[in-house]
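A short write-up of the structure that comes next.
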Amino acid sequence: MKTTKKATTGLMPVKKTLGSRIASDLRNNWQLHLMILPGIILVLIFKYAPLAGITIAFKDFYPARGIFGSDWVGLENFQYMFDLPDTARVLWNTLKIAVLKIIINFPIPIIVAILLNEVRSNFFKRSVQTIVYLPYFISWVILAGIILDIFSLEGIVNKTLNAMGLSSVFFLGDNSKFVGLLVGTDVWKNFGYGTVVYLAAITGVDESLFEAARIDGANRFKQILHVTIPSIAPIIMLMMILNLGNVLNAGFEQVFNLYNPLVYESADIIDTFVYRISLVEANYSLGTAVGLLKSVVSFILIVSSYALANKYSDYTIF
Amino acid sequence: MNSGLKSKGIGHRAFTVINTLLMLALSAVCLFPVIHILSVSLSDQAAVAANEVNLLPVGFTLASYKVVAKRAAFWNAFGVSVERVILGVLINTVLTVLMAYPLSKSEMKFRARRYYVWILIFVMVFDGGLIPNYILVKDLGLFDTIWALVLPGAVPIYNIILCMNFMKQLPDTIEEAAMVDGASYFQRFIRIVLPLSKPVIATVTLFSFLSHWNSWFDGKIYNNKSVHYPLQTYLQNLISNSDMTNASDAIENALSNVKTLQAAQLFLTLLPILLIYPFLQKYFTKGLTIGAVKG
Amino acid sequence: MKKIKAVVAVLLCFVMLLSMAGCGTKEKDAGGSTTTVEKPKNEEDKMKAYDPAITMTFNKSEVVTAYPEGMDAQNNALYQMWEDIMGIKVENSILCPSSSMTEKMQLAIGSNEIPDFGIVDATMMATLIKNDMVEDMTDVYNDWATDNLKTVTGQSDNALFAPVTRDGRYMAIPVANTLGDSYPIMWMRSDWLAALGLEEPKTMDEALDIAMKFATDDPDGNGQKDTYGLYLDKDLNGLDHIMSAYEVYSKDEYWVKKDDGSFMAGCTDEKAKVPLAKLAELYAAGAIDPEFAVKDTTKEEELIAAGKIGIYIGYFFNPLGVMKDCVKNVEGADWVAVKMPPAEGVASYKPGVALNVYGYMYAKKGIEHPEAVVKMMNQVCDGFAAPDLAKEPTEFYTKFNELALDDAIRTAGPNNLMPFQMQSNINWGEKFTAAVEAGEEHVEGKDADYQNVISTELPEEMSWAWKKVYLEGYLAIDFSNVRYSDYAGAPTDTAVKTQSLLNKQKLTDYISIIMGDQPVDYFDTFVETFNSIGGSKVAEEIKAAAE
């Protein structure tokens, strides 16, 4: 994945007019353009056309007047959002939970994938691979019920703690524990997805590299460190960059199904907050403003991390 | 596969044992919810209501499955899901390879590439929001049709990026040889790149399958008639509708929306994944292989 | 950098172009002029069928999950009957379970394409009114509603209209429900009462004492302290009804008018300290589930089904829920419906209830026949909700009861197969009891339920549940003695902004007092906080609005 930047800038000095450049590109690459065309048309229709709706965030949206007929109000909706009491705390909670999730969710699938790869039996390996993927398919409503059972004061976790001579922990109602519970159960639900992706990457690593390392006397741990990880670095980078886009997504479904009045203080996030506000009155503009804020932050993070990766490690992921 | 060190010291054996145990533990943790759901579906309703069911059914009965077997709405929704999966996966996959191939060309050969890529990345992050999407689908006349579930997500950008990265890795030499023979891009794509990309095609097919099978929100938003709900939307409604706020709800729930029935339907929904996933997995494992590795 | 700039430029162009071309193509006028509606020439006109039949689109909340063979929400015997008798073909342009309805309607409003008529809650109604999307129904209602309908929807001095009244005009018509659906009942484990030799409580204080004994005196006789006296969950369901015994009206959005004309949020009433202190005592003694604050209804109800809870404050229909499972699970378990008792020194129990409506019926602005909405309601009123008010059985009444005799329709619930239903405050408990005593085979209007009550084929616990509901639960309701919020009008500006915060504040502070995290006197701090984050301001706005 060597960057093509140099080559491109190298061509730049030969200034042709934009028109002639497009013409020559179309002449040479019309087949490529043609192949892209159907997809791009669909993207333009189904993704770009609705983008006009982002303007709702800057308007006082009256459905009867339509998106374009409603009056502009500038940043008033954002102002409103930041004026609401609680916003600061809710923003902080969102960031805290989302960042923790990104950080914890990042290494676990890699570690599991590496360990799983050390398993000899193919049948066992595949079975585990399938099984760890399963929680991903069960919705939070269902998982929440199960999680409540497991972590309640009478639940298996506390019983185990008691058996080990430790006192019970009120995971579900203690602000200092609840965020951990959110992050942990999120890992539980989602790590299988990442694991499968990384495992696929690992199994494809060129066997001769391991051979060479072995000849050099590298033990398993060293092989992992010096062969496996560098080999799957691009996919790690790709997953990381795509994940960064979630920095303001703390997971509505999960929080909504698990939180309770005792932990509002630490677990109330932007989405649950907006949800409760719109129960009193539907506020279309507020919802859009929140969405836009999230997108902007995500985009900045993705683009800058992409640029950094490009600059320092020569990977062109996109 | 890098299985096996020649020297098998104690440390190594200990590692193998611990590692196997760890994997077993992980599996147990992940299998638990599925087994729980299965057991609930096979248990007596009253025992389930009292939360007596953990790993094994209490008061074993197949009653739930008998009821579900006769429930037209469930099978109808199942049918919608199957239809959407077939149509959706086909469209997704075709568009994915069609777009990934040109985008995998270097910027020297295909200068417009970077514009196309950023056009895609941009909408991976930015979204117009619920109402504009809703209006669009409505105005295009897609409401209550299968197309509303298939077309808005027809271009899976994440998959395209994966597929593009894979195709970038294919050895240039083969294609160049074909070029010398005068093969056009089309010919090269069909004859050389596609056959070499079989693994990654299997990968993105699997991803599309899973995401189509699993999504419920679009089904709820873009359908005004519940007969057009896909399975996951149907289930979502069933579960969220089990509150009793008035006598009608109470009566309806007592008769036909009890937890054991919900569990039976949930389990039946997981079944296709349990059956199809291991089957596709062998392609999948190979799939990302070449794509992701080797910088 | 150049690269990025170029990309941004291109993207911007796309957005601009598509903004023009793509979305929001329909910039429709919201109907604009109001239709002029003819007045009925005589009483018959108010019930007369349209000829030729008219078609109206509707938002149908789907309750039924298993339809009779060959029928669905659109094509069924009851919709057909609607068309035959009223000449109105109702077309479900939105059909979804009630849990999705809010979202579907918000989208429909957002895209300015709502059904011709529909039933929505007061919140949604406020949005519709604000967006000027609905007809002013005042004149249509006054002209076209029969006296019987006016009796039912106009109950308690038109109290049900309050949330949809703007400047004295009715912007929608309440679809009345029976007060029974919101009238609290105290369900108690009668076998536990017997085991401990206790009497049914006469006062709330006695009831809470019993709750304590249920936890401490081992009512299930298994020698373990594994029972709880009182049910409570993380939304504090049931708490407001306990409060009412002490003349405290703590429901969310419940406002109490004071003697000086000013308003106060019911939950900030100082009198709440007494019951809160008692609950805190119960909690400390282990008579309430220590984890109630993290469990939602579904989760907490598992304890009822498991036979661990002695008192559940709910509604007449609850035996059909987890209580029947309790009876099945626990040998000898039985429940008794106790009339909600007042606190010591309070004359009678008066619950603070929500307005008893299924929702509000709007007519979309500009539709041709807004009066059709009223005509439908006239029919449903005489033929279903309040046949006792009609002079003679109507065609609707006769046909409905005829259809209800069909087994398949009866099982699915004929009322749920209709486009909408309405209820008046009939005490079906009395009717059913009389019918059972007289050995009747049918009770018109609620025959589906009656058949279940007298059925000998149902599983034991279901049969138990149906009998409890109609022969006991219903009889513990007193329709004549309830209290509504003193302000039920549209949410004020501050309320829109802060109501969700106020609700949350009440919930968290009440819970922390009950759980003993804070002393009872913390209540004063709660009141201060509540008022400072918007409570006082809303109260002022309400006072102004009420004047």
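The values are calculated or read from the model by the stated rules, or taken from the named source; none is laboratory data. Since this is a predicted model, take the numbers as computed values, not measurements. Ideal geometry is used to build each Cβ from the backbone, glycine not excepted, and the neighbour counts take in all protein chains shown. What goes into the accessible areas is simple: the full protein's heavy atoms, side chains included, and nothing from ligands, DNA or RNA. Shrake-Rupley method; radii C 1.70, N 1.55, O 1.52, S 1.80 Å.
Within the stretch A:86-110, the set of residues being loosely packed, with under 14 Cβ neighbours inside 10 Å and not small (G, A, S) comprises A:W92, A:I103, A:P107. Of all residues in the stretch B:208-229, those satisfying the criterion of being within 14 Å of the chain's Cα centre (by Cα) and open to solvent by less than 50 Å² (accessible area, probe 1.4 Å) are B:S208, B:F209, B:L210, B:H212, B:W213, B:N214, B:S215.
Can you find even one residue in the stretch A:115-136 that is hydrophobic (A, V, I, L, M, F, W, C), more than 30 Å from B:L266 (Cα to Cα) and either out of contact with any Ser or Thr (no Cβ under 8 Å at 6 or more places or on another chain) or surrounded by 14 or more Cβ atoms within 10 Å (Cβ to Cβ) (or both)?
Taking the stretch A:115-136 and keeping what is hydrophobic (A, V, I, L, M, F, W, C), we get A:115-116, A:119, A:123-124, A:128, A:131-132, A:134.
Applying the additional criterion that residues be more than 30 Å from B:L266 (Cα to Cα) yields A:115, A:119.
Remaining after also requiring either out of contact with any Ser or Thr (no Cβ under 8 Å at 6 or more places or on another chain) or surrounded by 14 or more Cβ atoms within 10 Å (Cβ to Cβ) (or both): A:115, A:119.
Yes, that holds for at least one residue.
As a summary of the residue check, C:E547 satisfies the conditions (1) open to solvent by 30 Å² or more (accessible area, probe 1.4 Å); (2) in contact with a strand residue (DSSP E or B) (Cβ under 6 Å, 6 or more places away or on another chain) except for the one numbered (2).
Just to be sure I understand, how many residues within the stretch A:21-43 are open to solvent by less than 60 Å² (accessible area, probe 1.4 Å) and either more than 32 Å from the chain's Cα centre (by Cα) or over 17 Å from B:L151 (Cβ atoms) (or both)?
Total meeting the criteria: 9.
Taking the listed residues B:A148, B:A46, the one that is crowded, with 20+ Cβ neighbours inside 10 Å, among the aliphatic types (A, V, I, L, M) and either at the interface with another protein chain (Cβ under 7 Å from one of its Cβ atoms) or without any contact (Cβ under 8 Å) to a residue 60 or more places away in the chain (or both) is B:A46, with no other qualifying. Scanning the stretch B:166-207 for residues that are open to solvent by less than 20 Å² (accessible area, probe 1.4 Å) and either modelled with pLDDT under 80 or in contact with a Pro (Cβ under 6 Å, 6 or more places away or on another chain) (or both) turns up B:F166, B:V200, B:A202, B:T203. The number of residues in the stretch C:157-183 that are assigned to a loop (DSSP other than H, G, I, E, B) and within 14 Å of chain B (Cβ to nearest Cβ) comes to 3. Note on the stretch C:421-525: enclosed helices (runs of 4 or more DSSP H) holding 2 or more residues that are open to solvent by less than 20 Å² (accessible area, probe 1.4 Å) and not assigned by TED's automatic domain parsing to the domain that holds C:K295 are C:428-438, C:447-454, C:460-468.
Being within 24 Å of C:V64 (Cβ to Cβ) and in contact with a helix residue (DSSP H, G or I) (Cβ under 9 Å, 6 or more places away or on another chain) is not true of C:N425. No other residue among C:A434, C:A438 is more than 28 Å from the chain's Cα centre (by Cα) and without any contact (Cβ under 8 Å) to a residue 12 or more places away in the chain apart from C:A438.
The residue of the stretch A:45-84 that is nearest to the chain's Cα centre (by Cα), among those that are over 22 Å from C:T127 (Cα atoms) and at the interface with chain B (Cβ under 8 Å from one of its Cβ atoms), is A:K47.
Every residue, every condition in (1) in a helix (DSSP H, G or I); (2) open to solvent by 30 Å² or more (accessible area, probe 1.4 Å), yes or no:
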position	(1), (2)
C:N75	no, yes
C:D84	yes, yes
C:V90	no, no
C:C96	no, no
C:L107	yes, no
C:E113	no, yes
C:I119	no, yes
C:T127	yes, no
C:V140	yes, no
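For the stretch B:179-235, a tally of residues being of a type in the set (F, W, Y), assigned to a helix (DSSP H, G or I) and within 26 Å of B:M99 (Cβ to Cβ) returns 7.
For the stretch B:240-290, the set of residues classified as at the interface with another protein chain (Cβ under 9 Å from one of its Cβ atoms), open to solvent by 30 Å² or more (accessible area, probe 1.4 Å), at pLDDT below 70 and part of a helix (DSSP H, G or I) consists of B:K282, B:K286, B:I290, listed by residue number.
Go through the stretch A:201-262 and tell me which helices (runs of 4 or more DSSP H), entirely inside it, have 3 or more residues that are crowded, with 20+ Cβ neighbours inside 10 Å and not polar (S, T, N, Q). Let's see the steps before the verdict.
Numbers: elements: A:207-215, A:220-223, A:229-244, A:252-258.
Answer list for the stretch A:201-262: A:229-244.
Of the residues that sit in the stretch A:193-208 and are of a type outside the set (A, V, I, L, M) and in contact with a Phe, Trp or Tyr (Cβ under 8 Å, 6 or more places away or on another chain), which one is farthest from A:I110 (Cα to Cα)? If you could, list the steps in order and put the result at the bottom.
So the first thing to find is which residues in the stretch A:193-208 are of a type outside the set (A, V, I, L, M), and the list is A:193-195, A:198, A:203-204, A:206-208.
Applying the additional criterion that residues be in contact with a Phe, Trp or Tyr (Cβ under 8 Å, 6 or more places away or on another chain) yields A:193, A:195.
Working: A:Y193: 11, A:T195: 6 Å.
The residue in question is A:Y193.
Considering B:F110, B:F60, the condition of being more than 30 Å from C:G70 (Cα to Cα), outside any helix (DSSP H, G or I) and open to solvent by less than 20 Å² (accessible area, probe 1.4 Å) is satisfied by B:F110 alone.
Are there any helices (runs of 4 or more DSSP H) wholly within the stretch C:210-306 with 1 or more residues that are touching a Lys or Arg at 6+ places or on another chain (Cβ under 6 Å), and if so which? In the stretch C:210-306, the matching helices (runs of 4 or more DSSP H) lie at C:239-245. Yes or no: A:V297 within 15 Å of the chain's Cα centre (by Cα), more than 8 Å from every other protein chain (Cβ to nearest Cβ) and either open to solvent by 30 Å² or more (accessible area, probe 1.4 Å) or under 28 Å from A:D60 (Cα atoms) (or both)? So A:V297 fits the description; yes.
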